[in-house]
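Participant: Starting off with a structure, shown below.
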Amino acid sequence: MPATHGHLSGVMDEYMEEGTNYLGADIGAAPAAEVAPGRAPSLFSDARRTLEGTPSEAEVRVAWMDLRSACSARLKAACDYLHANFKRPKPVDSIQVERGAYSRRPDTLAQVIVKCELGVDGRLRPCEVLEKGPLDSTEVILRGIAESKYSPSLLAGHPISMPHVVRFILDPTDGKLQAAQELLWRRARAVRFPQSPVAWSDLAEALAKKYPSVPEYLYVVRHMNELYPEYWWSANELAWSYVSEGRYAEALPLARRAQARVAFNPYVDETVAAALLGLGHCSEGLIEQRHAVESLPVDWPLPERERFQKTLRTYEEKCGAAVAPALHPP
């Protein structure tokens, strides 16, 4: 502390280990279907019943989508189930790459970013190069990826195919770049690979952490949202900027979209609450802000917990504390 809203929302997501929502799995993945809250319990029950049996690969896929839809409809039991039962993939054999091609350019800093489909057999294919490396290093790395082996993503113990992003860093500096040098490199990647959501996400992350006040930051966030509209972080951060400008009607759909992708992140709930209160929807806004307060981990930085509680008291004074009941009894 102090830290920006965008940086804190991303750190919160990492802290909560949101296995159901990480950039690698999101790129190219179909969004969860919007369902009415009343349908969420039956979707959750059906998915659990399926996964407790011996489902086919297609049935596991349907259960995955139903669970995500139920979670997006704010059914906490479905979100908790996903959090407890979705396991990210892990490499079994590390990618073996001959470094001969790269060794001819020892002064070159680069990342090779490859988006693949990780199948239930633990193999990465087909693959699409998002960011190329120098000389023939990309082709060498692709050959290594083709020979690599992973433990696949698991849902309640059942393997499920999933988009997966592989990063291969060619770094002669051994990670010793200064912050300004790191920012220049990330800018260069975004310029060279303008269609790479990973390049823009990395640039936005660096700006949110170190340089949130520069005009470039919101341009990067907005571009990231246009390039990759299903990414929750950029949608929420853009919504937060609209809230600060009083553009509540523009902020709310963006914040709701983020909320549908990553459940129970207090910083997303806070954005939704601010947009609702700005539009005069006191009851709904109070529910969301109370939810944000209750979702904060007990060991989260005290200044932030106090800020969330102070905001809630302000909303209660503005709307009347009796408008929205507490989500959970004391």
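The values are calculated or read from the model by the stated rules, or taken from the named source; none is laboratory data. The model shown is predicted, which means the values in this text are computed figures rather than measured ones. Here the Cβ positions follow ideal geometry from the backbone for every residue, glycine too, while neighbour counts run over all protein chains shown. Ligands, DNA and RNA are stripped out before the accessible areas are found, and what is left, the full protein with its side chains, is counted by its heavy atoms. Shrake-Rupley method; radii C 1.70, N 1.55, O 1.52, S 1.80 Å.
Participant: Keeping all protein chains in position, work out how much accessible area THR54 exposes to a 1.4 Å probe, and write it in Å² to the nearest 10.
Facilitator: Roll a 1.4 Å probe over it and THR54 shows about 140 Å².
Participant: With a 1.4 Å probe and all protein chains left in place, how much of the accessible area of the chain comes from carbon and sulfur atoms, in whole percent?
Facilitator: Accessible surface attributable to carbon and sulfur in the chain totals 55 percent.
Participant: Residue by residue, what Karplus-based ³J(HN,Hα) values in Hz, rounded to whole numbers, does region 252-269 have, using 6.51, -1.76 and 1.60 with θ = phi - 60° and x for Gly and Pro?
Facilitator: 4, x, 5, 5, 5, 4, 5, 5, 6, 8, 9, 7, 6, 8, x, 6, 6, 4
Participant: If you take the beta carbon distance between GLU52 and ARG74 as r and set R0 to 25 Å, what does 1/(1 + (r/R0)^6) give as a FRET efficiency, to the nearest 0.05?
Facilitator: About 0.60, to the nearest 0.05.
Participant: Step through the table entries LYS76/LYS310; LYS132/LYS210; LYS115/LYS176; LYS76/LYS210, compare each Cα-Cα distance with 31 Å, and write down the pairs that go over it.
Facilitator: From LYS76/LYS310; LYS132/LYS210; LYS115/LYS176; LYS76/LYS210, over 31 Å: LYS76/LYS210.
Participant: Provide Rg over Rh for the chain; use the alpha carbon set for both Rg and the Kirkwood Rh (inverse mean inverse pair distance).
Facilitator: Ratio of gyration radius to Kirkwood radius: 1.00.
Participant: Taking 0.36 nm per residue of sequence separation and subtracting the Cα-Cα distance, how much length would be gained by fully extending the chain between ARG123 and ALA36, in nm to one decimal?
Facilitator: 27.7 nm
Participant: When the chain is modelled as a GNM with alpha-carbon springs shorter than 10 Å, which of ALA274, ALA58, ALA206 fluctuates the most?
Facilitator: ALA58
Participant: Another question about this same structure. Heavy-atom accessible area per residue, the chain, 1.4 Å probe: how many Å²?
Facilitator: 48
Participant: For the chain, with a Gaussian network of springs between Cα atoms less than 10 Å apart, report the residue from LEU67, LEU82, LEU184 with the top mean-square fluctuation.
Facilitator: Answer for the Gaussian network model of the chain: LEU184.
Participant: Taking 8 Å as the Cα distance limit and 6 or more residues as the minimum spacing, I'd like the relative contact order of the chain as a percentage.
Facilitator: Taking the mean separation of contacting Cα pairs over the length of the chain, I get 16 percent.
Participant: Hey, got the Cα dimensions of region 224-315 along the principal axes, in Å, largest first?
Facilitator: 35, 29, 20
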